[in-house]
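The structure under discussion appears below in the form of structure tokens.
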Amino acid sequence: MPVLASARPLLSVGSCSPGSVHCTSTRIARQGLSSVYRRVGIACWERWHHCSRASFCTCQAMLRLQRFLAVFGLVALLRTAVGEEDETEEVPDEHDIEEEAMTKEQLRALHAKFDQNGDGKVSLSEVLEFAKHMSKAIAGKDVSAILDEIDTDKDGKLSLQEHLNDLHSQADGGDEEELKELERRKAIETEKFLAADEDKDQALNAKEVASLFYPETNPAVLDVVVRDTMKMKDADGDGVLTPKEFWEFGEEDLEDQLSEEEVSDFKKLDKDGNGVLNLEELKAWESGVFHTEAAMVRLLQIADKDGDMMATADELENAREELASSDAQYHLIEWAEHHEL
């Protein structure tokens, strides 16, 4: 399973960087279960940022793997890695995994954390504020695993050279085009590193490392990612993205039509309605805010039974089965795991 070979973004999976998200994991022998499936999710987010229409499905598959690992652990994966097989053990169906509902207790505990003003109801603004906080908290939780692997001089900080050396070690050869892409990625990672280095001491502390690997938690680092995405997608170089540029339709796709979902997502991103996306509008996609908000809107639509677009603890609990097959479930599982609910 090459996807689980490292705790950092792998160049071998391409130049794709959700939402958020960028493919990574941890070394199974050294990291716990929660760290493994969390890093797989991060990997997906990194891929999502720069992924083309063709590789978007890979991100979705990675998210499913994240949840598989969270629910069923690493036993089967480790057996595969050492060549062992248990022919009598039945592998769970992917759709069964996706529909695994959270417990009533977990949902009630999360509702209490969402409800910032203590009025017994959760609004969209409250749950989005919680999501923003969780993004930073989860980023910070992963820093020690990252530093364990790439802080080669063990000074507790990450130097630019350590980061670039790690990036280069992942390239593992490659043809001329891949080496060219490696150099491009090094330039971008250098720019991200400098943006993350808030105290300008040429080394990243734990907080700064988190923002390097989770650009959505630091506006300066996110700006670097957004500009790079614009450059990669902007075929005519006019500084904005048309729908087909955004969804990376190549010359061979000129006759293809956007799907209804692609059209709808683009319109939601295009806040000024001028038919193209500028850097600020693209930021919502790159940061994962667009995807998180869509998932949380859907959560409230499912849970809310009295039409006020707010959810009580009872409403959230009663929606547990339907929520299990929604995009909100990915977030709920991650948050519950983080808080050990």
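Odds and ends about this structure:
- Meets criteria (of a type in the set (A, V, I, L, M) and surrounded by 16 or more Cβ atoms within 10 Å (Cβ to Cβ)) for residue 158: yes
- Some residue of the stretch 296-311 being surrounded by 12 or more Cβ atoms within 10 Å (Cβ to Cβ), modelled with pLDDT of 95 or more, closer than 15 Å to residue 124 by Cβ and in contact with a Lys or Arg (Cβ under 8 Å, 6 or more places away or on another chain): yes
- Among the residues of the stretch 145-203, those identified as among the small types (Gly, Ala, Ser) and modelled with pLDDT under 90 are 169, 171, 173, 174.
- Cβ-Cβ contacts under 8 Å between residues 6 or more apart (or on different chains), taken from a first residue in the stretch 226-244 that is in a strand (DSSP E or B) and at pLDDT 95 or above to a second residue that is of a type outside the set (Lys, Arg) and surrounded by 15 or more Cβ atoms within 10 Å (Cβ to Cβ), are listed as 241/230; 241/234; 241/276; 241/277; 241/282.
Results for (1) polar (S, T, N, Q); (2) within 30 Å of residue 140 (Cβ to Cβ); (3) surrounded by 16 or more Cβ atoms within 10 Å (Cβ to Cβ), shown as yes or no for each residue.
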| position | (1), (2), (3) |
| --- | --- |
| 207 | no, yes, yes |
| 221 | no, yes, yes |
| 231 | no, yes, no |
| 257 | yes, no, no |
| 260 | no, no, no |
| 264 | yes, no, no |
| 269 | no, yes, yes |
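- Answer from 242, 190, 217 - the residue that is hydroxyl-bearing (Ser, Thr, Tyr) and touching a strand residue (DSSP E or B) at 6+ places or on another chain (Cβ under 9 Å): 242
- Filtered residue count, the stretch 123-138, keeping only those that are over 20 Å from residue 215 (Cβ atoms), assigned to a helix (DSSP H, G or I) and either within 15 Å of the chain's Cα centre (by Cα) or of a type in the set (S, T, N, Q) (or both): 1
- Within the stretch 88-111, residues that are under 15 Å from residue 325 (Cβ atoms) reach partners that are modelled with pLDDT of 75 or more and not in a helix (DSSP H, G or I) with beta carbons closer than 6 Å, at six or more positions or on different chains, in the pairs 99/324; 99/325; 101/324.
- Residue 152 being within 24 Å of residue 231 (Cβ to Cβ) and of a type in the set (Val, Ile, Thr): no
- Which listed residue is within 30 Å of residue 166 (Cα to Cα), under 24 Å from the mean Cα position of the chain (by Cα) and part of a loop (DSSP other than H, G, I, E, B), from 216, 208, 248: 248
- Only one entry of 286, 280, 315 meets the criterion of being of a type outside the set (Gly, Ala, Ser), touching a His at 6+ places or on another chain (Cβ under 6 Å) and either at pLDDT 95 or above or within 27 Å of residue 130 (Cβ to Cβ) (or both), and that entry is 286.
The values are calculated or read from the model by the stated rules, or taken from the named source; none is laboratory data. Model, not experiment: these values are computed from the prediction. Positions of Cβ are backbone-derived with ideal geometry, glycine not excepted, and every protein chain shown enters the neighbour counts.
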